[in-house]
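Laboratory data are not the source of any read-out in this text; all were calculated from the coordinates shown. Just so you know, these numbers come straight off a predicted model, no measurement behind them. Cβ: placed from backbone, ideal geometry, glycine included. Neighbour counts: every protein chain shown.
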Amino acid sequence: MIAKHDVLVVGAGCAGMRAALEAFDAGADVAMISKLHPTRSHSGAAEGGINAALGNAAEDNAEIHAYDTVKGSDYLGDQDAIEIFAEEAPGDIIQLENWGAFFSRREDGKLAQRPFGAAGSPRTVYAADITGHVLIQVLWEQVCKRDIPVYEEFFAWQLVEHEDRCQGVVCWDLLHGGLKTVGGKTVVLATGGAGRQYRVTTNAYACTGDGMAMALHAGLPLKDMEFMQFHPTTLYPTGILLTEGIRGEGGYLINKDGERFMKRYAPNALELASRDVVSRSEQTEIDEGRGIDGSVLLDMRHLGAERILERLPGSRELAMTYAGIDPIYDPVPVRPGAHYHMGGIETDNDGATEMTGLYAAGECACVSIHGANRLGGNSLMETITFGRRAGRSAAEWALSHTTVSVPESAERDAEARLRALLDRETGERPWKLREELGNSMLENFAVFRTEEGMTKQIEILGGLRERYPNVVVEDKGEVFNSDLTQAIELGNMLDTALCMVTAGVVRKESRGAHARPHDYPTRDDEKFLHHSITRWKDGGVELSTSEVRFTKWEPQERKY
Amino acid sequence: MSTKEAEPKRVAYYKGCLASLSAKELDTSTKALAPQVGLELLELESVTCCGAGDIHEAEPDYYVHLNARILAYAEATGCDTLMTVCNVCTLNLRQANFMLQGDSELLARVNENLATVGVPAYSGKVEVRHFLWEIAEGEGYERLKGAAHKGLKGLKVAPFYGCQILRPSKIMGFEDPDRPWSLERIIEACGGQSIDYPAKIKCCGFPIIAAREETALGEVIQPIEQALEAGADVMVTPCPLCHLSLDAWQQKLEASTGRAFGLPILHLAQLVGVAAGLEEAELKFKRHIVDPRPALERLEV
Amino acid sequence: MQVGLKVWRYDSGTGERALREYEIEAPEEATLLDCLDIVKDRHDGTLAYRKSCRMMICGSCGMRMDGAAVLACKTRMYDIAQGGRIPVISAMGNLPIVKDLVVDMDPFWSKFKAMWPWLEPGYDRPDDGREYRISQERMNVIHKESLCINCGCCVSECNAMESDPEFLGPQALAKGMRFVGDPRDGATVERLERYNQEHGIWDCTRCYFCNERCPKGVDPRDAIAKLGAESIRLGIDRDMGAKHAKWFVRSAETTGWLREEELIPKTQGYVSAIKQLKFGYSLAKHGKVRPVPVPHTAKDVNEARNLRKVVREQDRGGALGHVQGERALARLAHGHAGESLEEIYARPGAAPRPFLPGDAEGGAVSPPGAGGSADGASSVSEGSAQGQGSLTQADVTPGKEPTRKRGEA
């Protein structure tokens, strides 16, 4: 053990940094571990905004926000969590502003808010189209102010469970090499999503589900893993995100004829229906031959150059760089791409997991406020509100308990796995498996799902998992061995993908992001109004269910 | 040489501070050379310093106005082009010009202020171009080839661009800031051999040479060292500030390193002037700290 | 497409450097980062470089291509490959190399942290517990600086830092301006005092490499100039660099032309300048300076003098003088000609114009801001007309908000 702290936060994106700040302010000795420098975290790529019912642009309140979120979740969100979320969000936004966040402003000097999909009021606070960047910067600034230590480019690999509680993390020191164990009275996982399981994704290379996999391998439950959000507007062919804010600002989705097809699918909300609805509509257009090269078109021409340059400069830059298209003159080809895991490590409303001393927040966690489908702008808000709550409860627990110890066996186990990987001289290179994973997940577990496809995908994943122990790491060195960490990441993605598809195949209904138009086209609240729970047992996935927590909203048909 | 002699191009000539004083040789050689490369210079008189990046830094609003005033007087000559002979003037004037051209409200406010002090209005129609650009392409280049009749007889010339004729490229816009070609083209057209070395697009240290001499000297040494290593007989630069830094501060480099560099630094108009047969009265090499005449002697043979 | 790359490999263990060449097959849309991935996956797993978002926001993949710092993920390879060029890829400059293309960013972050990179609120929190109100126009002063992703491309190329490794450098100073220019911040004077120290603002040699290389349009050199302007506005001008800059102003309004011969004494002080006498003599010998400086006065210099008086009364002091030009300068990079929507729809090869099902094809197109046909679904958002990235950010006028600055008491 190279060091110990009261609170150890793994991951330094918005949720991780927010948790660390809260734990620090609660008086705990806190440190962060991240495989990237904090400002490189993928929260920074969030574009459109962050939802809080400030009511600056139109009448709004926490109850409307909560209702929109419940409805958006297709009634799978836990309503007590959602109510906490909607109520605490405005205060969290004001705090970010006080810390110096550079949000866009209204004429009257208040924070500006823009309309977002499936929201009953313009509720999305934003900073042009670089909201995540602005949040990452302000949180990092506050981390610097408090001088919170960061174990930078430490690849967290394995939780230390000792005396029935979590007491630290075994890491690979990417920059200098070597296994390093950092102890913590409490550990907060804030490692983000796993979108890299898909070939077409908005996610960074770093989004490989490491935290989910660590929790899974430590015997903890992952909740609602079948719900993978496909974002409707990812740039063809790279999958790079173009913000929902483009549609919030008035952008159109058109098919090859120029038809604003959303009118046929969501006659009221049109382009601003919820993400699952828009992605399915696009996919239908593409599947029925009204797309162009597997895409539909996102048209901003009518917004005019001034508005595009003012509100959407980052999106224009992305389109110009990666598609060679200037959206002032031409519509941009987009298609649904893997974007966000609604599911994750099961936590309570304070971020606590089943394991004493272990907490989780942000995309890697599942509280759940997103249920079967997340609303745009709710994930950044979740990182802040639940990052704060997890940081607070982790600090409180840590400050009332005193010891940290890590048994030698913890590191020995990791060392053995490391050696097995590094000493293997021949075998398959990981990219082949990674490519097969990305392609097959996109084919069999994407916007539309079938029994046949999912069954096939379970077989494919089985095959890939059989081949995985034979992957070979070419770099045998200690310094910046990203060949090694990429191989470990592949294992994490394979195991979490297996949880997703296993949970998906037994959910014989269509709900939120889990759409089975051919065999189970409707929602079945009788049989499936419950969370799915996946655990790792004997090298495979064990399934169970848990109750959805209701407060005041009865399930209703969902129309936009 | 082009067969048909076109009318000379009339340009408003802004010589800037250094060519008015410490680098008078730049002014005399430019004026002597101009007719031979098809330029008729209308020297601006009611003008001041462009601010050299210092007024831009100290009082940016004043900087815009000072440069607007220069542009206004240039426009009043009826010329489309304001010709500069200094990198720093070029950047400052071009930058102010784009600020004014791209923002009608700013232009209106500036013009109102100019009127208050009795300066003619600026409509935004002047283009600021360095002498280098005038002779590196088009008619100027064609004339240059004819004018350089004496040739440089394979003289090894190290081109030194400096910074503010290349960067920021969105303001300068003449050539690829990382792979510039204009000086090389001119050197070759004059019968010289251009020497390549990495520091030719780097900084001469001049802007901080008075305030941070040590840091600046760490910059000046790079082009001098590299050019000599690559076999240069002389170095040429389009900027009198780079010139002053490379020529005058070379002795300090020699003192601090204990090495003898002795690399003569020529203004662009002087280098072309040598090839065009200008006399010492116009070239004024005696004003240089490192005397270029020994290096150029073999051209006389 | 076939892509060739030459990569400078570096092994920190042995200190060995080697230029390795790779020939790969890549899709036409491939970026430099994609190509490096192909090399690492299929040719040489030992190649080390940083990456993450691959969409030019995380700032991980700064490196040099043919000696110029770039974000690998922003660099499309098609034209280079088609042109038959084999670019040389190497680690960024001005930072120690760890392995291959990976540099040690510690010096970079130390300088970042030296800036006090956090807001010190200089306003009273509103009693209602809501946000502090301030106009977008006033916030737009730091619009460009807030775009910085800390990639290090500017630092890599900084000429002053090559010569003085302790120079705070373009990214740190741009971060400093992000707070100095923030009207909500209350520590302006303390910050400027700090940034005015040795290795600070006045070390910048104005090579403009930072502006040229910045992949996000931050223009760090301009940020440094803004810091200089704010320092001088607030009378923080003890540094020789500030005195140097002020002498140009003094020259312009007294003689019009730079009073060159007095520049060194005015910058360094007469005592220090005496040490330069020998140097001065050598310059005088060649007529560079005259033994007795007689001001050489520009014609109509009274205009320049009066102009300064007029300008100083107009509330565009300090950094605002820079900010007012940003709108126009941004246009240089935007490169659009201001066509009408009809002209855009009528361009050859244009995608079909949008229509709602039920309307005739090519029929009614809602004008911008008018929204779609149904319950305001595509209505445009509220907010000021001047968003971030604003084209109208030139209109920065000091607001009425009482921003109390410490040190201004």
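Taking Cα atoms only, the orientation of helix A:378-399 departs from the longest principal axis of chain A by about 30 degrees. For the residue pairs A:Lys456/A:Lys508; C:Lys113/C:Lys246; C:Lys226/C:Lys266; A:Lys223/C:Lys51; C:Lys246/C:Lys285, alpha carbon separations beyond 26 Å are given by C:Lys113/C:Lys246; A:Lys223/C:Lys51; C:Lys246/C:Lys285. Computed log10 I(q)/I(0) for segment B:24-88 at 0.13, 0.15, 0.22, 0.25 Å⁻¹: -0.43, -0.56, -1.01, -1.15, from the Debye equation with unit scatterers placed on every C-alpha and solvent omitted. A viscosity of 0.890 mPa s and a temperature of 25 °C, combined with the Kirkwood radius over Cα pairs in Stokes-Einstein, give a translational diffusion coefficient for segment A:459-560 of 146 µm²/s. Counting only Cβ charges, +1 for Lys and Arg and -1 for Asp and Glu, the dipole size of the protein assembly as shown around its Cα centre is about 3160 debye. Toward the positive end of the charge dipole of segment B:221-301, with +1 on the Cβ of Lys and Arg and -1 on the Cβ of Asp and Glu, the farthest Cα among B:Pro240, B:Leu296, B:Leu266 is that of B:Pro240. Counting Cα-Cα pairs of segment C:26-108 in 5 Å increments starting at 0 gives whole-percent bin shares of 3, 15, 24, 28, 20, 7, 3, 0. Which shape class, rounded, prolate or oblate, goes with segment A:503-553 when its Cα gyration tensor gives a ≥ b ≥ c as root eigenvalues, a/c under 1.5 marks rounded, and past that a/b bigger than b/c marks prolate? Since a/c reaches 1.5 but b/c is at least a/b, the shape of segment A:503-553 is classed as oblate. Taking the Cα centre of segment B:65-143 as origin and assigning +1 to Lys and Arg Cβ atoms and -1 to Asp and Glu Cβ atoms, the resulting dipole is close to 240 debye. Residues whose amide H comes within less than 5 Å of that of A:Gln158, counting only those at least five positions distant or on another chain, are A:Val170 (H built at 1.01 Å from N in the peptide plane). Remark on chain A: Rg and Dmax equal 22.2, 67 Å (Cα only).
The smallest convex shape that holds all Cα atoms of the protein assembly as shown, its convex hull, gives 176 Å³ per residue. Put simply, when B:84-92, A:494-502 are sorted by average Cβ atoms within 10 angstrom per residue, most first, you get B:84-92, A:494-502.
Using the per-residue mean of other Cβ atoms lying within 10 Å as a proxy for protection, in what order, highest first, do the peptides A:164-174, C:279-289 fall? Walk me through the numbers before you get to the answer.
Working: A:164-174: 22.3, C:279-289: 16.9.
Per-residue mean Cβ counts within 10 Å order the peptides as A:164-174, C:279-289.
Over segment B:1-157, what is the mean sequence separation of C-alpha contacts under 8 Å (at least six apart), divided by residue count, expressed as relative contact order in percent?
On the way: 207 pairs, mean separation 43.2, N = 157.
That works out to 27 percent.
If you take the alpha carbon atoms of segment B:62-161 and fit the smallest convex hull around them, that volume is 114 Å³ per residue. Calculated on the alpha-carbon coordinates, the convex hull of segment B:90-216 measures out at 166 cubic angstrom per residue. For chain C, averaging the sequence separation of C-alpha pairs within contact (under 8 Å, six or more residues apart) and dividing by the residue count gives a relative contact order of 14 percent. Other protein chain C-beta atoms within 10 Å of residue C-beta, averaged over A:322-332: 4. The equivalent ellipsoid of segment C:176-216 has semi-axes of 22, 16, 5 Å, largest first, where each one is the square root of 5 times an eigenvalue of the Cα gyration tensor.
Residue by residue through C:96-102, how many Cβ atoms from other chains fall within 10 Å of the Cβ on average?
Numbers: counts 0, 0, 5, 8, 2, 1, 6.
That works out to 3 on average.
For the peptides B:135-145, A:359-369, residues were scored by their other Cβ atoms within 10 Å and the scores averaged per peptide; the highest-first order is A:359-369, B:135-145.
Of the residues C:Met139, A:Met17, A:His518, the one whose Cα sits farthest towards the positive end of the charge dipole of the protein assembly as shown is C:Met139 (charges of +1 on Lys and Arg Cβ, -1 on Asp and Glu Cβ, taken about the Cα centre).
Where the eigenvalues come from the Cα gyration tensor of segment A:1-87, what are the semi-axes √(5λ) of the equivalent ellipsoid, largest first, in whole Å? Could you put the intermediate results ahead of the total?
Numbers: eigenvalues 202, 49, 35 Å².
Whole-Å semi-axes of the equivalent ellipsoid: 32, 16, 13.
The C:Ile274 and C:Glu198 beta-carbon pair, evaluated with R₀ = 25 Å, returns a calculated FRET efficiency of approximately 0.70.
Seen against the Cα atoms of chain A and their longest principal axis, helix A:62-72 is set at about 90 degrees.
Taking square-rooted eigenvalues a ≥ b ≥ c of the alpha carbon gyration tensor, is segment C:21-62 rounded, prolate or oblate, where a/c under 1.5 means rounded and, failing that, a/b exceeding b/c means prolate? Because a/c hits 1.5 or more and a/b fails to exceed b/c, segment C:21-62 counts as oblate.
Considering only C:Pro265, C:Gly325, C:Ser282, the residue lying farthest towards the positive end of the dipole of segment C:230-341 is C:Ser282, judged by Cα position with unit charges set on Cβ. Peptide A:252-261 shows a mean partner chain C-beta count of 5 within 10 Å per residue C-beta.
Which entries of B:Lys156/B:Lys200; B:Lys31/B:Lys284; B:Lys15/C:Lys299; A:Lys180/A:Lys432; A:Lys71/A:Lys110 have Cα-Cα distances beyond 20 Å here?
Working: B:Lys156/B:Lys200 14 Å; B:Lys31/B:Lys284 13 Å; B:Lys15/C:Lys299 14 Å; A:Lys180/A:Lys432 30 Å; A:Lys71/A:Lys110 28 Å.
Violating the 20 Å limit, Cα to Cα: A:Lys180/A:Lys432; A:Lys71/A:Lys110.
Charges at C-beta only: +1 for Lys and Arg, -1 for Asp and Glu. How large is the resulting dipole of chain A about its Cα centre, in Debye rounded to 20? Walk me through the intermediate numbers first.
Working: 59 positive and 85 negative charges, 134 e Å.
Dipole about the Cα centre, nearest 20: 640 debye.
The Rg/Rh ratio of chain C, with both radii computed over alpha carbons and Rh defined as the Kirkwood radius, is 1.04.
Considering Cα pairs under 8 angstrom that are at least six residues apart, work out the relative contact order of chain A and quote it in whole percent. Write down the numbers at each step before the final one.
Working: 1386 pairs, mean separation 122.7, N = 560.
Relative contact order for chain A comes out at 22 percent.
Counting beta carbons within 10 Å around each of C:Ser110, C:Ser52 and listing the fewest first gives the order C:Ser110, C:Ser52.
Rounded, prolate or oblate for chain B? Axes are the square roots of the Cα gyration tensor eigenvalues, ordered a ≥ b ≥ c, and the cut-off for rounded is a/c under 1.5. List each step's numbers first, then the result.
Numbers: a/c = 1.99, a/b = 1.33, b/c = 1.49.
Oblate is the answer for chain B, as a/c is 1.5 or above yet b/c matches or exceeds a/b.
Amide H to amide H distances under 5 Å link A:Ala446 with no residue, where only residues 5 or more positions off or on other chains count and H is placed in the peptide plane.
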